[in-house]
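Here the structure comes first, spelled out in structure tokens, and everything after it is commentary.
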Amino acid sequence: MRDHEPGQTETGEHMKVQCRVSPGPIEGHQPRRPGKAEPGARDEERRGQHAEPYAAVAARDATGQRAPGDGVLPEKCGHERQAGDAVREIERKRRRLGEQPRDEPRRDEGAHRDEEHEVRGAAWHAKMLFRWHTAPMPERIVVTSEPLNAETPLGRDTAAITPVGRHYVRTHFPRPSPPHEIVVDGAVRNGARYDLAALQALAARTLTVTLECAGNGRAYLEPKVPGEQWRLGAVGTAEWTGVPLRTLLERADLGPSAREILFRGADRGTPKELAREIAFERSLPIADALADDVLVAYAMNGAPLAPEHGAPWRLIVPGRYGMASVKWLERVSAIEEPFAGFYQHTKYVIDGAPLPAIAPRAVIVEPADGARIPRPLPDTEGRAGTFEIRGYAWSGVGGIARVDVSVEPARSRSERHWRAATLGQQVSPDAWREFTLKILIIGAGSSGEFETEILARATDATGTTQPLEQRHNALGYMNNQARPVRVRIV
């Protein structure tokens, strides 16, 4: 976070684990009379034909660090920095981004089965894809193209910071024209409007935050449920720079009748469950909206926001699933009654209850599922060869406290033996954390093949542990079941 002021081992059958190692009426809201949300029938889905997001590791994958095109924001503090300097810097980089080619998905990367669209009348969106990608689409795994939903490819190149062009994208409606200002209104004493220059003139913060879609893991649910068929790649971690939302709300001077803060994006469409067009809107309780780490962000990894990530600015709400971080933010309204909109009370609920904080999850990024690992040769002293398990774990509550790993013969029915992995640095309580564990292979150099299953599960700072069983619900949210990786030692 940066502020800018103006040894144990256990032997198994084949191996042992070494532990060292735009203005308008608010949808669904009437003052002092909450509207009724229309019943949701089902989500739409459209899935590209791709391998496991962490299974195929392309040689062309990026390093996971900042992309070559990512710029760096000025390091001056707010009181040292002239607003004009920051504006010129952002606009210079925005022009540079605008000069980069916008590639369409390759045919083999964007192939889809015949499935329904989530939004009515969105077919035209395919024609504009070429100008809204800021990196070649093979960098992401396309789930749907109308509108764009794409996964972060998780593999050996996955690192602490996800490059902009690889970071997952979740979109409900076709991309809108970027808003020119943010309107702050409602139950406030001092309504205001902010353009980019006005936001840049305020003290900024940079936070490292992991965002995850609530539907991540939906593809693994049995029986199947409707919705985008995310596997494990609807997640990414970036450095977000912007103005604390609290600053804007304090300047607006909230009235005593304010109950929630409503956020409206510029994106609009007609979900198939509704017979009318709506904007994407979400709300937060006043106390949550005033938290120090909620940002109106205008930069990602040191460069102006890319269009698919909500340019020119978006909300960032650490700890909550990605739907709370409204993109293309155009209006912030203090409202006097709880918001009852479609994306608040019909979607993003389990049994009618709103989704809680991001649940703990650990994902193994290497070795890849299905990998064939050459049997390591013994070292000069005759000790067994090793290979390393590596992955990332995250939670929306207080960070990761531990990750346990089980390495067992494939299809074994015996009780699992768990060993603690080594945790990397906790860059931020709101960001994922690397874990590693070295595996010693018994009989290195001998003949014969065998298959083994690796499982990792995370426990967060509250003591909540990732489940081994699926979390099934009608809309397929929060399925953080631990997923096995199977490898063959050859």
ARG375 passes all but one of (1) at pLDDT below 95; (2) crowded, with 21+ Cβ neighbours inside 10 Å; which number fails?
(2)
Counting only residues that are among the hydroxyl-bearing types (Ser, Thr, Tyr) and surrounded by 20 or more Cβ atoms within 10 Å (Cβ to Cβ), which one in region 161-207 is nearest to the chain's Cα centre (by Cα)?
TYR168
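Residue by residue through region 148-160, note down the ones that are surrounded by fewer than 20 Cβ atoms within 10 Å (Cβ to Cβ) and in contact with a strand residue (DSSP E or B) (Cβ under 7 Å, 6 or more places away or on another chain). Steps first, please.
In the first step, residues of region 148-160 are kept if they are surrounded by fewer than 20 Cβ atoms within 10 Å (Cβ to Cβ); the result is 156-157, 159-160.
Passing the criteria: ARG156, ALA160.
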What number of residues in region 214-235 are outside any loop (DSSP other than H, G, I, E, B) and touching a Lys or Arg at 6+ places or on another chain (Cβ under 7 Å)?
2
Here is a check on your reading of the model: is TYR298 more than 25 Å from ALA187 (Cβ to Cβ), in the same structural domain as LEU262 (by TED's automatic domain parsing), under 15 Å from the mean Cα position of the chain (by Cα) and not acidic (Asp, Glu)?
no
Quick check: is even one residue across region 233-249 farther than 26 Å from ALA187 by Cβ, surrounded by fewer than 18 Cβ atoms within 10 Å (Cβ to Cβ) and over 20 Å from the mean Cα position of the chain (by Cα)?
no
Residues that are more than 22 Å from ARG170 (Cα to Cα): find the strands (runs of 3 or more DSSP E) completely inside region 248-353 holding 3 or more of those.
329-335
Tally time: how many residues in region 174-224 are acidic (Asp, Glu) and either more than 23 Å from PRO356 (Cα to Cα) or modelled with pLDDT under 95 (or both)?
3
Condition set at pLDDT below 95 and not hydroxyl-bearing (Ser, Thr, Tyr), scope region 408-424, selection farthest from LEU355 (Cα to Cα): answer is PRO409
Hits in region 212-232 - residues which are farther than 23 Å from GLY319 by Cα and crowded, with 24+ Cβ neighbours inside 10 Å:
none
Search region 465-476 for residues being under 19 Å from GLU228 (Cα atoms) and out of contact with any strand residue (DSSP E or B) (no Cβ under 6 Å at 6 or more places or on another chain), and hand back the single one that is surrounded by the most Cβ atoms within 10 Å (Cβ to Cβ).
GLY476
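Let's see how each residue does on (1) surrounded by 24 or more Cβ atoms within 10 Å (Cβ to Cβ); (2) touching a strand residue (DSSP E or B) at 6+ places or on another chain (Cβ under 8 Å):
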{"position": "LYS327", "(1), (2)": "yes, yes"}
{"position": "VAL332", "(1), (2)": "yes, yes"}
{"position": "ILE350", "(1), (2)": "no, no"}
{"position": "ARG361", "(1), (2)": "yes, yes"}
{"position": "VAL397", "(1), (2)": "no, yes"}
{"position": "ALA420", "(1), (2)": "no, yes"}
{"position": "GLN425", "(1), (2)": "no, yes"}
{"position": "GLU434", "(1), (2)": "no, yes"}
{"position": "LYS438", "(1), (2)": "no, yes"}
Quick one: how many residues across region 263-290 are surrounded by fewer than 20 Cβ atoms within 10 Å (Cβ to Cβ) and under 20 Å from the mean Cα position of the chain (by Cα)?
1
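The values are calculated or read from the model by the stated rules, or taken from the named source; none is laboratory data. All of these numbers come straight from a predicted model, not from anything done at the bench. Every residue, glycine among them, receives a Cβ derived from its backbone with ideal geometry; neighbour counts consider all protein chains shown.
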